[in-house]
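Peer 1: Pasting a structure here, questions to come.
The values are calculated or read from the model by the stated rules, or taken from the named source; none is laboratory data. Remember, it's a predicted structure, so these values are computed and weren't measured experimentally. Methodologically, a virtual Cβ is constructed for each residue, glycine included, from the backbone with ideal geometry; neighbour enumeration extends over all protein chains shown.
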Amino acid sequence: MTSSNVPLTASVSCTLSEFLPRVLRKMEHQKADWKNHKKVCRPFKIVYTEDLGRHMVATRDIKPGEILLKEQPLISGPSQNTVPVCVGCYKNVDEKSRCCSKCGWPICSEICEKAPQHIPECRYSVMRGDKVSIKNFNMIHPTYQCVTVLRCLYQKQFLPETWKKIDELQSHCEERKDTQKYEQERVNIAQFIRKFFKLESVFTEEEILKVCGIVMINSHEIPLTDTPYIALYDQASLLEHNCSPNCSKSFTDKGYILISAGKPIKKDEHISICYTDPLWGTPNRRQHLWDSKYFWCECHRCKDKTEFGTYFSALRCQDR
Ligand SMILES: C[S@@+](CC[C@H](N)C(=O)[O-])C[C@H]1O[C@@H](n2cnc3c(N)ncnc32)[C@H](O)[C@@H]1O
């Protein structure tokens, strides 16, 4: 008998009789293991569309205040423009601060010297054969521009699993090419990393510039230290932007990101946060997103001239 002449009722009941016990067993298992299961069970799925890239969609109704995601950084590091900070904990340092005994990068304690996030620049500085020397502490220090990018490149060279996640993030390389920022990064980051760390045979300029784009587009700024640091996340870096978002982000003292619902979210709704300052008017928000994330925001708030009846971006008429 071919499958086409199997009576439909028989086929359905047969499938159900096999399927239902499996589902029930899975639910029982989930219930018994709920303590562990709830840590990985998320109320959203990751989907891809041409216009948005990867983004998240709710798989059930979500209540305001619910935490959708708690996640540790994939990579953290100093911001591109920063005064010298400890490369372990990102607290500000000064001329009295100590340096890593192996590589010379400023650190504030023995614990920070051994911090896993410091391994990449430490190893590359040791391999270079000369310690790093940071002397000016009261200015944005150019040498720090390379640290977070170098940490990503280290994953590319030695830790392929983490690198795969970083490499999949959007870099907007094509849009960035021919911009002033791209050329500045070519000189200040790509050429600097290749020459200073003697990595010309390991990374090309283009590879390094792609990582610069990934860091720029996908990093979250973590305002836990006097000078905020940045981090890439496996899932939180995929969150979509909306100028009237349904979620907000916060951070634990260990740099874990928490994404919480700010309003009721219906099943199948997109999950969003705000990448820009929601207290800016529409022209400023749109321009900032265009300059920093390379997209023109078409959210409901941006498209509504009245911004939901608030006239938030309107100029006050002087005659009245
Ligand atoms: C932080 S990444 C988000 C993850 C990214 N979609 C991916 O696939 O890796 C930011 C990028 O996602 C896209 N994006 C996010 N929100 C968007 C929106 N509201 N409209 C258009 N593009 C958006 C833009 O390309 C933006 O530069």
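Peer 1: Filter the strands (runs of 3 or more DSSP E) completely within region 203-320 down to those with at least 3 residues that are not hydrophobic (A, V, I, L, M, F, W, C). Full working, then the answer.
Peer 2: Working: elements: 220-222, 229-232, 247-251, 257-261.
Ranges flagged: 247-251.
Peer 1: Let me ask something else about it. Take the residues in region 221-237 that are of a type outside the set (S, T, N, Q) and surrounded by fewer than 21 Cβ atoms within 10 Å (Cβ to Cβ), then tell me which one is farthest from the ligand (Cβ to nearest atom). Can you show your working first?
Peer 2: Of region 221-237, the ones of a type outside the set (S, T, N, Q) are 221-224, 226, 228-234, 236.
Filter once more, so that each one left must be surrounded by fewer than 21 Cβ atoms within 10 Å (Cβ to Cβ): 221-224, 226, 228, 234.
On the way: 221: 12, 222: 15, 223: 18, 224: 20, 226: 25, 228: 17, 234: 11 Å.
Across region 221-237, the extreme among qualifying residues is 226.
Yes or no, residue by residue, for (1) away from the ligand (no atom under 13 Å from the Cβ); (2) among the hydrophobic types (A, V, I, L, M, F, W, C); (3) free of Cβ contacts under 8 Å to residues at least 24 places away in the same chain:
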{"position": "241", "(1), (2), (3)": "no, no, no"}
{"position": "245", "(1), (2), (3)": "no, no, no"}
{"position": "250", "(1), (2), (3)": "yes, no, yes"}
{"position": "254", "(1), (2), (3)": "yes, no, no"}
{"position": "264", "(1), (2), (3)": "yes, no, no"}
{"position": "273", "(1), (2), (3)": "no, yes, no"}
{"position": "305", "(1), (2), (3)": "yes, no, yes"}
{"position": "310", "(1), (2), (3)": "yes, no, yes"}
{"position": "316", "(1), (2), (3)": "yes, no, yes"}
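Peer 1: Within region 59-81, can you find the residues that are within 20 Å of residue 255 (Cβ to Cβ) and in a loop (DSSP other than H, G, I, E, B)? Quick ask: steps written out before the conclusion?
Peer 2: Of region 59-81, the ones within 20 Å of residue 255 (Cβ to Cβ) are 67-81.
Those that are within 20 Å of residue 255 (Cβ to Cβ) and in a loop (DSSP other than H, G, I, E, B): 72, 73, 74, 79, 80, 81.
Peer 1: For residues in region 163-183 being away from the ligand (no atom under 11 Å from the Cβ) and acidic (Asp, Glu), which is nearest to residue 234 (Cα to Cα)? Don't jump to the end; show me each part of the working.
Peer 2: Here is the first cut: in region 163-183, the ones away from the ligand (no atom under 11 Å from the Cβ) are 163-164, 173-174, 177-183.
Pick out the ones that are also acidic (Asp, Glu) and you get 174, 178, 183.
Values: 174: 23, 178: 29, 183: 28 Å.
Ranking the candidates gives 174 first.
Peer 1: Give 120, 160, 73, 84 a once-over and let me know the one that is within 16 Å of the ligand (Cβ to nearest atom), at pLDDT 95 or above and of a type outside the set (Gly, Ala, Ser). First the steps, then the outcome.
Peer 2: On the way: 120 fails: within 16 Å of the ligand (Cβ to nearest atom); 160 fails: within 16 Å of the ligand (Cβ to nearest atom); 84 fails: within 16 Å of the ligand (Cβ to nearest atom).
Step by step, each of 120, 160, 73, 84 is checked, and only 73 is within 16 Å of the ligand (Cβ to nearest atom), at pLDDT 95 or above and of a type outside the set (Gly, Ala, Ser).
Peer 1: Between 121, 110, which is in contact with a Leu (Cβ under 8 Å, 6 or more places away or on another chain) and of a type in the set (Asp, Glu)? Reasoning before the result, please.
Peer 2: On the way: 110 fails: in contact with a Leu (Cβ under 8 Å, 6 or more places away or on another chain).
Matching residue, one of 121, 110: 121.
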